[in-house]
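Take a look at the structure set out below.
The values are calculated or read from the model by the stated rules, or taken from the named source; none is laboratory data. Keep in mind that this is a model prediction, so the values were computed, not measured. Quick reminder, even Gly has a Cβ in these numbers, built from the backbone with ideal geometry, and neighbours come from all protein chains shown. Quick note on the areas: whole protein, heavy atoms, side chains included, nothing else; ligands and nucleic acids left out. Shrake-Rupley method; radii C 1.70, N 1.55, O 1.52, S 1.80 Å.
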Amino acid sequence: GRLMNASYIVRMDDACPTMRREIWDPLEEALDRLGVRPIVGVIPDNLDPSMLCSEADPNFWERVRNWDKKGWGIALHGLHHTYHLIPPDCHALVPLHQTSEFVGLNLEKQRQILREAWRIFSENRVKPLLFMAPSHTFDTNTLLALRLETDIRIVTDGHALFPFREGDFIWIPQQIWDFRRLPFGIWTVCLHPNTMSHSELNSLIERLTRFAGKAVPFEAAVALCSEGKRLVDRIFALVFGIALQVKRQMTG
């Protein structure tokens, strides 16, 4: 049954007061019209100049509270969305990028970052349920800091076919950056509205419309999570890792 039908979770990264509203607004309208409830990554205190896409929205947190009311999955997306190079002897749990806001920092520093991020959300009366690391990079200290400083126990990241529980956390894997027909699994499609052109937005809305019937909110994925990774997930992660290496060598 459920294994033979692919489901899709929509994930939108980089919401902040200066996000590109000319893309976010019509995208939100389309999601509402189609009844799709995405995960949205909110940067609590953006200092990343590449995210300065519009005039700062004074009603930003009102908008986040509204997403929360609509049942969107609010994710804590780092603190400043700024990066350092990952030190050579440190390892990200999801090795997608060489830069991170977290990886390689000691536990105390990571606790400070997350404490501050959590405080800003609380101040704005929003309780994020998920963690989304900038550029997907975090390490075991990040998870420990999350546990100590926040109530978040769900991570939107990782490479597997299905959600799974490991230690204190439920992982909802994030594997693709566009909709594609797949035979089975729960697939999180990662979108970056701030960098989308209008024509990309239009074709995205077209695909969203086609796939809306297979879209599920993050709670549905949590309900299907297994204890630890299944064999099929381990194989998938392995193949995914090899594919990434090959891609890096071809483009690098």
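Data for the structure
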{"read-out": "Cα→Cβ-extended label distance, 7 Å offset, between Arg33 and Gln112, nm", "value": "4.8"}
{"read-out": "Over segment 1-55: Kirkwood hydrodynamic radius from C-alpha pairwise inverse distances, Å", "value": "13.0"}
{"read-out": "Percent carbon-and-sulfur accessible area, the chain, ignoring ligands, DNA and RNA, probe 1.4 Å", "value": "55"}
{"read-out": "Tail weight of P(r) past 20 Å, computed on alpha-carbon pairs of segment 166-228, percent", "value": "37"}
{"read-out": "Accessible-area order (highest first, 1.4 angstrom probe) of the listed residues Met19, Met250", "value": "Met250, Met19"}
{"read-out": "Segment 136-241: trypsin sites (Lys or Arg not before Pro) in DSSP coil with no more than 11 other Cβ atoms inside 10 Å", "value": "Arg181"}
{"read-out": "Of Ile86, Phe60, Leu31, farthest towards positive along the dipole that unit charges on Lys, Arg, Asp, Glu beta carbons give segment 1-100", "value": "Leu31"}
{"read-out": "Rh (Kirkwood; distinct C-alpha pairs) - segment 37-150, Å", "value": "14.6"}
{"read-out": "Solution diffusion estimate, µm²/s, Stokes-Einstein, segment 78-208, Kirkwood Rh from C-alpha pairs, 20 °C, viscosity 1.002 mPa s", "value": "133"}
{"read-out": "Where Rh is the Kirkwood radius over Cα pairs, Rg/Rh for segment 96-169", "value": "0.95"}
{"read-out": "Added length on full extension, which subtracts the Cα-Cα distance from 0.36 nm per residue, Ser54 to Glu200", "value": "50.7 nm"}
{"read-out": "The chain: C-alpha pair distances exceeding 28 Å, %", "value": "30"}
{"read-out": "Surface accessible to a 1.4 Å probe, per residue, for the residues of the chain, Å²", "value": "46"}
{"read-out": "Built amide H within the under 5 Å cut-off of Thr188, gap 5+", "value": "Ile9, Gln175, Ile176"}
